[in-house]
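Structure first, commentary second.
The values are calculated or read from the model by the stated rules, or taken from the named source; none is laboratory data. Here the structure is a predicted model, which is why all the values come from computation and not from measurement. Cβ placement follows ideal geometry from the backbone for every residue including glycine, while neighbour counts extend to all protein chains displayed. The area values use the complete protein model at the heavy-atom level, side chains included, leaving out ligands, DNA and RNA. Shrake-Rupley method; radii C 1.70, N 1.55, O 1.52, S 1.80 Å.
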Amino acid sequence: MDTISLKIPNISCGHCIHTIKMELMEMEGVTEVTADLAAKQVNVVYSPPANEEMIKNLLKEINYPAE
Ligand SMILES: [Cu+2]
């Protein structure tokens with residue numbers, strides 16, 4: 001199990017966080033997503049088959065690219 005912290009500049013409100021959580025939680029292997037709106041930061045806990053690259057690619061696809 002791994003955790004990554006990602007800074008996502010496009011986060012502007014609670015809806016953004018909600019969307020990001022919903023999308024990431026659908027990925028197989030992702031077990032927990034927490035977010036800090038003020039810091040525009042998302043923490044993702046995951047295990048294989050999920051990996052950092054897949055998580056970053058998904059965020060890019062939904063228009064919330066990580067820095
Ligand atoms: Cu928003």
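A few comments on the model shown:
- Considering helices alone, the calculated mean residue ellipticity of the chain at 222 nm is -10000 deg cm²/dmol, with DSSP H runs of length four and up weighted by -39500 (n - 2.57) and normalised per residue.
- Cα centre as origin, Lys/Arg/Asp/Glu Cβ charges: the chain dipole, Debye: 260 debye
- Per atom type, the chain shows carbon and sulfur on 49% of its accessible surface, probed at 1.4 Å.
- Relative contact order (%) - criterion: Cα under 8 Å, at least six apart; region: the chain: 43 percent
- Summed over the residues of the chain and divided among them, the accessible surface reaches 61 Å² per residue at a probe radius of 1.4 Å.
- Note on the chain: Cα-Cα pairs beyond 21 Å make up 11% of the total pair count.
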